[in-house]
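No value in this document is a laboratory result; all are computed from the given coordinates. Bear in mind that the values here come from a model prediction, so they are computed numbers and not experimental data. Cβ atoms come from the backbone with ideal geometry, glycine included; neighbour counts cover every protein chain shown.
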Amino acid sequence: MTILRFPHPLLLSGQLFRRTRLRRCRLSECRGACCLHGVWVDPLEIQDILGNANRILPHMAEGRKEPAAWFTEEREEDAFFPSGYLIQTATLPNPAHYGGTECIFLRPDACCSLQMASIAAGEHPWRWKPFHCIIHPITFEEGLFTIASDEELLAEPAGCFRAGTAQTKMYECLADELDFLLSAADGSGKDLGSPG
């Protein structure tokens with residue numbers, strides 16, 4: 001689910017429909033490695049998160065319960081997003097985490113505080129999860145949502161994919177993320193069901 005309504009069409013690259021022998025990783029394998037740099041969020045998402053801070057706070061790790069510290073001042077212009085720019089979530093040093101840093105919303109159990117808060121509130125698990133976190137490892141390049149090559153995905157030691165045995169299609173591996181993108185594209189914000 002996203003509160004964002006995009007001013008431009010959401011176009012999908014053919015790479016999302018290719019054949020692959022990869023499989024998705026499990027949280028027990030990656031421990032939230034993708035959270036090492038935090039994430040870029042639209043100010044509308046920040047407003048929504050901060051407006052629900054009282055529901056999120058119980059799920060934050062100790063020492064991370066000050067909403068004013070959740071986002072940085074770092075700004076990146078991005079005309080694709082409704083606000084026209086994005087803000088970075090705060091990151092903290094953690095030598096035990098992949099890359100030595102982690103998003104402020106990552107918990108010691110490798111779960112996202114925002115996702116756990118959504119579940120506890122009886123909402124869709126992605127209710128407060130930022131757009132870029134939801135679609136990861138799908139990226140936005142040259143006007144298209146796409147995915148890196150199998151070789152690039154496997155080269156990232158803590159990435160979202162592992163070598164698999166059965167041939168499948170990439171869109172089957174990314175079914176939840178693509179359902180989310182399609183709902184964002186049509187503006188329905190429909191309940192997507194529980195992500196697998």
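Cα gyration tensor of the range 39-196, axes a ≥ b ≥ c as square roots of the eigenvalues: rounded (a/c below 1.5), prolate (a/b > b/c) or oblate? Cα axes put the range 39-196 in the rounded bin. Here the relative contact order of the range 1-109, from alpha carbon pairs under 8 Å that lie six or more residues apart, stands at 34 percent.
When shorter helices are ignored and each DSSP H run of at least 4 residues is given -39500 (n - 2.57), the per-residue value for the chain at 222 nm works out to -6500 deg cm²/dmol. Working note: Cα atoms of the range 17-66, range along each principal axis, descending, whole Å: 43, 26, 19. Among 40-52, 105-117, 77-89, 155-167, the peptide with the highest mean count of other Cβ atoms within 10 Å heads the list, and the full ranking is 105-117, 40-52, 77-89, 155-167. Taking the average, over residues, of other Cβ atoms within 10 Å as the packing measure, peptides 131-143, 22-34 rank 131-143, 22-34 from highest down. Averaging Cα coordinates gives a centre for the range 93-115 and one for the range 1-47; these two points are 17 Å apart.
For the range 71-141, the mean projected area of the C-alpha convex hull, equal to one quarter of the hull surface, is 5.9 nm². Going toward the positive end of the dipole of the chain, with +1 on Lys and Arg Cβ and -1 on Asp and Glu Cβ, which of Trp40, Ser83, Ala166 do you reach last? The Cα lying farthest towards the positive end belongs to Ala166. Placing +1 on the Cβ of every Lys and Arg and -1 on the Cβ of every Asp and Glu, with nothing else charged, gives the chain a dipole about its Cα centre of roughly 680 debye.
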